[in-house]
Amino acid sequence: MLSMRSSNFGEVLYRSMGRASSSSSTHVTDLIPYTRAPSSNMAKFGEGDERWLVKDLGQDGRNVNNWHWVERDALPWSKTRLTELLVGQSLVLEDQPAVTITKLKKLEGEAIVNNRKSKIIVAYELEAVLAWEGTAPDGAKVKGELKLPYISEENHDEDPEVLVSLKEESKAGQAVRDLIVKHGRPVVYRAMSQFVSELRAGGPVTKGGSEAASDNGAASAARGAAPAATSATPAATDAPAASGSGRAPRDRRRIELTERFYASAQDIYECFTDARRVLAFTQSPAELDARVGGALSMFGGSVQGVFRELAAPSRIVMDWRFSNWAEGDTSCVTIDIEEREKGAVTLHLVQTGIPDCDRFGQHDVVGLTQAGWANQIFHRIRQVFGYGI
């Protein structure tokens, strides 16, 4: 068998120049290799033709669709974002002497954003110290610190601990400290809630996995959107804003929860209508006027509402809103309490009209609301009063 190969990339053609007449088989008597002339636009190997070169596609080429594990330090971003959200915020009501946060003095710990297959995985444990300055009712200048000793992924759905201290102890300073404890903590809680939501969504990393671009204008806008101190007066309304208000229609969601407690129906009923009980399990200021049309305020004003129906000890209907919801957004909470056997209560909660996002554009409002009921209310009722532990 005869085998011939081309020495280049041309096509070899064979021409027969004669045949033997006396043989039954055909013999090639002469073979002439013929090579097709190379095309003029063919890439030239070894001469630097760019068609032979693989271009550097940057990060998109090296880590397509963020398939590989990428780890980024989010601590610098955290310092910048907390400064934007907190520095300059008032810690008292408008009609009170000015007290503002002046500086993020310290942010220590670690904040890591991991990205794998475009999935964001965040780990953080931080300690923050903020400086504040203010004027006491008697005109004296007062300074102090706000310390947040533990900001961590494991308590992302809880309000962080906020310790208020004075640079120098005095009667005037104590008066200012009391104002901050009452009105300033909710301001910090709301700012930290926004910070934690943004960090858990990726922080300095965009949804696609690349570094978020710096945008001073956006940062300024975000700072301007940071919540200011509000009074404990409920801001809930009977219905969403009318279509003529200029605000775009918002999606509405609902949640349903069923809980069991080892208590009487009256005990559970009073957990939502008695300010002393609410204060006990929330460990924060609470004001409740338990009558139809009466106002309610919990967690230092972070939760606001109005009682719409009260039928002791079996039914409570309330308007209910969080202070970081857009103005006019409110939901309806219906709580039915049933004591089928003595000392065993079933609570069924339905909450309707929950907005799709809050005033800052965060879209996990339903998840945060549901987690708030489970962790901040029902779990604490069991812990404090022993109803079911």
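Across region 139-157, a minimum of one residue is classified as in contact (Cβ under 8 Å) with a residue 60 or more places away in the chain, surrounded by 14 or more Cβ atoms within 10 Å (Cβ to Cβ) and assigned by the TED database to the domain that holds Pro76.
For (1) polar (S, T, N, Q); (2) touching a strand residue (DSSP E or B) at 6+ places or on another chain (Cβ under 6 Å); (3) at pLDDT below 90, each residue gets a yes or a no:
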residue: Leu85; (1), (2), (3): no, no, no
residue: Glu94; (1), (2), (3): no, no, yes
residue: Glu108; (1), (2), (3): no, yes, no
residue: Asn114; (1), (2), (3): yes, yes, yes
residue: Lys117; (1), (2), (3): no, no, yes
residue: Leu126; (1), (2), (3): no, yes, no
residue: Glu133; (1), (2), (3): no, yes, no
residue: Tyr150; (1), (2), (3): no, no, yes
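Of the set (1) of a type outside the set (Gly, Ala, Ser); (2) open to solvent by 60 Å² or more (accessible area, probe 1.4 Å); (3) in a strand (DSSP E or B), all apply to Glu169 but (3). Val384 satisfies every condition listed in (1) β-branched (Val, Ile, Thr); (2) modelled with pLDDT of 95 or more; (3) open to solvent by 40 Å² or more (accessible area, probe 1.4 Å) except (2). Looking at region 275-299 only, could you name the residues that are assigned to a helix (DSSP H, G or I) and either at negative phi or surrounded by fewer than 22 Cβ atoms within 10 Å (Cβ to Cβ) (or both)? Scanning region 275-299 gives Ala275, Arg276, Arg277, Val278, Leu279, Ala280, Phe281, Thr282.
When you go through Phe307, Phe272 one by one, which is the residue that is buried (at least 20 other Cβ atoms within 10 Å of the Cβ), modelled with pLDDT of 50 or more and part of a loop (DSSP other than H, G, I, E, B)? Show your work before the answer.
Working: Phe307 fails: part of a loop (DSSP other than H, G, I, E, B).
One residue alone meets the criteria, Phe272.
Whenever a residue of region 374-389 is among the hydroxyl-bearing types (Ser, Thr, Tyr), its partners that are surrounded by 15 or more Cβ atoms within 10 Å (Cβ to Cβ) and outside any helix (DSSP H, G or I), lying with C-beta atoms within less than 7 angstrom and at least six residues away or across chains, give the pairs Tyr387/Phe261; Tyr387/Ala263. Filter region 333-381 for residues that are open to solvent by 20 Å² or more (accessible area, probe 1.4 Å) and either aliphatic (A, V, I, L, M) or not assigned by the TED database to the domain that holds Ser323 (or both) and give the result. Val350, Val366, Leu368, Ala371, Ala374 - these are the residues of region 333-381 that are open to solvent by 20 Å² or more (accessible area, probe 1.4 Å) and either aliphatic (A, V, I, L, M) or not assigned by the TED database to the domain that holds Ser323 (or both).
Does any residue of region 310-318 turn out to be loosely packed, with under 15 Cβ neighbours inside 10 Å, without any contact (Cβ under 8 Å) to a residue 24 or more places away in the chain and outside any loop (DSSP other than H, G, I, E, B)? Yes - at least one qualifying residue is present in region 310-318. Is it the case that Trp325 is assigned to a strand (DSSP E or B), closer than 24 Å to Ser284 by Cα and hydrophobic (A, V, I, L, M, F, W, C)? So Trp325 does not fit the description; no. Are any residues in region 72-83 of a type in the set (A, V, I, L, M, F, W, C) and modelled with pLDDT under 90, and if so, which ones? Listed by number, the list holds a single entry, Ala74.
The values are calculated or read from the model by the stated rules, or taken from the named source; none is laboratory data. None of the values given here were measured: they were computed from a predicted structure. Cβ sites come from the backbone with ideal geometry, for glycine too, and all protein chains shown count toward neighbours. SASA here: full protein model, heavy atoms, side chains in, ligands and nucleic acids out. Shrake-Rupley method; radii C 1.70, N 1.55, O 1.52, S 1.80 Å.
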